[in-house]
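Down below is the structure, laid out as structure tokens.
The values are calculated or read from the model by the stated rules, or taken from the named source; none is laboratory data. As the structure is a computational prediction, the values presented were derived from the model and not from experiment. Here the Cβ positions follow ideal geometry from the backbone for every residue, glycine too, while neighbour counts run over all protein chains shown.
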Amino acid sequence: MSNPFSLENKNIVITGAASGIGRQCAVSCAAMGASIVLFDMNEQGLLETLQLMERKEQHFLAVTDLTRYEQVSVLLSEAVTKLGRINGLLNCAGISNTLPMKSVTPDLVEKLFRINVLTAYFMTKEVAKMGNLSKEGASIVFFSSVAGSHGQPGKSVYGMTKGALVAGAKSLACELAPKKVRVNAISPGVVVTPINAHLPHIADPEKRKETENLHLLGLGETTDIANACIYLLSDASRWVTGTNLFVDGGYSAR
């Protein structure tokens, strides 16, 4: 029997691929046989990601600001010309903040929604275009967070952006099903990455212990999220759409 989790002969777009979870997703998906279109504005970071990947010549680097929608469209068309039509999309790119409501400004709200929500939505729109989408269909994954469904002090704006992605995934799952496109969200708990490893809730031993205690299985690793994404991109999840998969070490069980 063939491996239902294989990504052989699939072309996968990954945003935020220059670091952290996005980088690990690119490396792991390539190891499962996929060709990857790596989007990020950090060219050096993308080159470093590429060095970690198998079959380096079978991938495509797309260096751009994801809010430059016309440039994103051009680069995606170039990637399709080189690799073929798209079978999957991981919208990993995003930013976070922790700020009490009294300090929130309209500019901050607009920035978080623009980067966390709009870039994912319009990248999905590009992938779903007739000339870009695989005739066999595709799997789209939005990156939400436990903050999108569970309250945390100082996370109101960030949580709203992540909740919006879950809601959007459900409606797009209904809209795109006739095209054989599955749309799901994934909600990670706290995952240790090179970027957040120096932040107080990870670097400070006491605060790290508090954070760990919120997760029944402790803090996550980038591979935990990448493996869940492989499932959602693969044929193993062919009957899964419109759902939000918690990969949070038990955070949401409390």
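Data for the structure
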quantity	calculated
Residue 208 being part of a strand (DSSP E or B) and of a type in the set (Lys, Arg)	no
Matching entry among 225, 202 (being at pLDDT below 95, in a helix (DSSP H, G or I) and touching a strand residue (DSSP E or B) at 6+ places or on another chain (Cβ under 9 Å))	202
Residue match in the stretch 111-118 (condition: closer than 19 Å to residue 138 by Cβ, modelled with pLDDT of 95 or more, crowded, with 22+ Cβ neighbours inside 10 Å and touching a helix residue (DSSP H, G or I) at 6+ places or on another chain (Cβ under 8 Å))	no
Conditions (1) in a helix (DSSP H, G or I); (2) within 28 Å of residue 70 (Cβ to Cβ): number failed by residue 142	(1)
Selection status of residue 76, hydrophobic (A, V, I, L, M, F, W, C), surrounded by 19 or more Cβ atoms within 10 Å (Cβ to Cβ), in contact with a Cys (Cβ under 9 Å, 6 or more places away or on another chain) and closer than 17 Å to residue 140 by Cα	no
Every pair of residues 6+ apart whose Cβ atoms lie under 8 Å, when the first sits in the stretch 215-235 and is in contact (Cβ under 8 Å) with a residue 12 or more places away in the chain and surrounded by fewer than 21 Cβ atoms within 10 Å (Cβ to Cβ) while the second is in a helix (DSSP H, G or I) and among the β-branched types (Val, Ile, Thr)	219/202; 219/211
Of all residues in the stretch 76-106 being in contact (Cβ under 8 Å) with a residue 24 or more places away in the chain and part of a helix (DSSP H, G or I), the one that is farthest from the chain's Cα centre (by Cα)	101
Residue count for the stretch 16-72, restricted to those that are small (Gly, Ala, Ser), within 21 Å of residue 114 (Cβ to Cβ) and out of contact with any Leu (no Cβ under 6 Å at 6 or more places or on another chain)	5
Residues of the stretch 127-161 satisfying the condition of being aliphatic (A, V, I, L, M), surrounded by fewer than 21 Cβ atoms within 10 Å (Cβ to Cβ) and either closer than 20 Å to residue 228 by Cβ or more than 19 Å from the chain's Cα centre (by Cα) (or both)	130
First in the stretch 132-150 and under 13 Å from residue 116 (Cα atoms), second anywhere and hydroxyl-bearing (Ser, Thr, Tyr) and part of a strand (DSSP E or B), Cβ under 8 Å, 6 or more apart	144/187; 145/187; 148/187
Failed item in (1) touching a residue at least 12 places away in the same chain (Cβ under 8 Å); (2) closer than 20 Å to residue 129 by Cα; (3) not in a loop (DSSP other than H, G, I, E, B), with residue 30 passing the rest	(2)
Some residue of the stretch 181-199 being assigned to a loop (DSSP other than H, G, I, E, B), without any contact (Cβ under 8 Å) to a residue 24 or more places away in the chain and over 21 Å from residue 120 (Cα atoms)	yes
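Yes/no per residue for (1) surrounded by fewer than 19 Cβ atoms within 10 Å (Cβ to Cβ); (2) on the phi < 0 side of the Ramachandran plot; (3) within 19 Å of the chain's Cα centre (by Cα); (4) not charged (D, E, K, R):
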residue: 167; (1), (2), (3), (4): yes, yes, yes, yes
residue: 174; (1), (2), (3), (4): yes, yes, no, yes
residue: 191; (1), (2), (3), (4): no, yes, yes, yes
residue: 198; (1), (2), (3), (4): yes, yes, no, yes
residue: 205; (1), (2), (3), (4): yes, yes, no, yes
residue: 248; (1), (2), (3), (4): no, yes, yes, no
